[in-house]
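**Student:** Attaching a single structure in structure tokens format; questions to follow.
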Amino acid sequence: MAAKKVAAARVEAVRGDVTREVEQLFRDGLLVDLNIGAWTGLVKNTKEDLGIDAGAELPEYVVGLGMKRLCPDTLASSWMLHVSRARGILYSYSFTRFPLSGGAFVPAKALPVIIEKLEAQKAEFDTAWKTMIANFDTMRDTFIKNAPADLQATLRQVYPSKAVVEARFYFTYSAYTVSLPKKIAGLKVEAEQEAMNRFRDELDKRVEGFLGESVKTLRTKAADICSTVIDNVRSGKTVSQTNISSLSEFIDRFRSLNFVGDKDIESRLTKLQHDILDGIDLENLKAKGGDKGLREALAAACDDIKQAAEDVTDVSAVTGEYKRRIVL
């Protein structure tokens, strides 16, 4: 009987740790949801547009009805570009497979950077579509006038009003946390406890998987960028300031995203940044006869990081250390 009580106490302790792990995750970061809407400048074709009777079935050779453009592609791209960039920023500074919701998990260190970058894209996005709205009537009339004569009446008929188009645009983002349920209403005590235990057991697996996936994702990105550097160097390409800036920016991003604490890879990347990248004077190197020494040093450092990042045998030790810090 005593043994059963001890075992049950151990199980409960583990489940309690799951709650603490989730609480710690939300001290280390937040979930961020990005919500953007925009007018694409497109409208679906109708069957009549393709010469097909409205009540007829689509012929087998017709795959979809396609779209009609209602404004120049370059104009729509002036705001859609910033939609794409904003989503790319969130993807670059977050982990998207969080076990408790569909939001993207952004480590606390990365939040100031991601907010600054999203605000910059929002400003560009707003400027682009508001400029279009200010000139909406002229834009619409000019576009229809330049269309083939037999399509002008159709375009004018399907064209949305200025108010409808304006309502399509929005750019918002929010940060939030989630908490675990303390009880399940409507169940008897034993059934509720059993359901909560199953929930916490499943959550424990998901949190463990999320932590491991977060470490592996960062390592994969590190290995990928190092592979690119190695390939460029060994093919004889000259090291440019853009190359140096991109690599240094990635290292800064790695540090901001490394909430689990992958100390080995971070220290190798930081050493590369401090020993080789910081303070490089490419013009001076070229004046002294080229960048061969720099390229060799870069290739050697990146090869070392790549090999370490591709070895994932110690990932469980990294995540285990994170969980032990929570318990302590």
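The values are calculated or read from the model by the stated rules, or taken from the named source; none is laboratory data. Fair warning: this is a prediction, and the values are worked out from it, not measured in the lab. No Cβ is skipped: glycine too gets one built from the backbone with ideal geometry, and neighbour counts run over all protein chains shown.
**Student:** Tell me, yes or no, whether the range 76-96 has at least one residue that is in contact with a helix residue (DSSP H, G or I) (Cβ under 7 Å, 6 or more places away or on another chain) and not in a helix (DSSP H, G or I).
**Tutor:** Yes, that holds for at least one residue.
**Student:** Here's another thing I want to ask about it. Scan the range 223-249 for residues that are without any contact (Cβ under 8 Å) to a residue 12 or more places away in the chain and outside any helix (DSSP H, G or I) and jot them down.
**Tutor:** Ser235, Gly236, Lys237
**Student:** Continuing with the same structure: Please enumerate the residues belonging to the range 99-150 that are without any contact (Cβ under 8 Å) to a residue 40 or more places away in the chain, among the basic types (Lys, Arg) and within 24 Å of Arg27 (Cβ to Cβ).
**Tutor:** Across the range 99-150, the qualifying residue is only Lys117.
**Student:** Could you please give the count of residues in the range 145-176 that are over 38 Å from the mean Cα position of the chain (by Cα) and closer than 13 Å to Arg69 by Cα?
**Tutor:** Residues flagged as over 38 Å from the mean Cα position of the chain (by Cα) and closer than 13 Å to Arg69 by Cα within the range 145-176 amount to 7.
**Student:** Okay, moving on. Mind telling me which of the residues Ser267, Ser246 ends up being at pLDDT 95 or above, among the small types (Gly, Ala, Ser) and out of contact with any helix residue (DSSP H, G or I) (no Cβ under 6 Å at 6 or more places or on another chain)?
**Tutor:** Ser267
**Student:** Are any of the residues in the range 209-222 out of contact with any His (no Cβ under 7 Å at 6 or more places or on another chain), at pLDDT below 95 and part of a loop (DSSP other than H, G, I, E, B)?
**Tutor:** no
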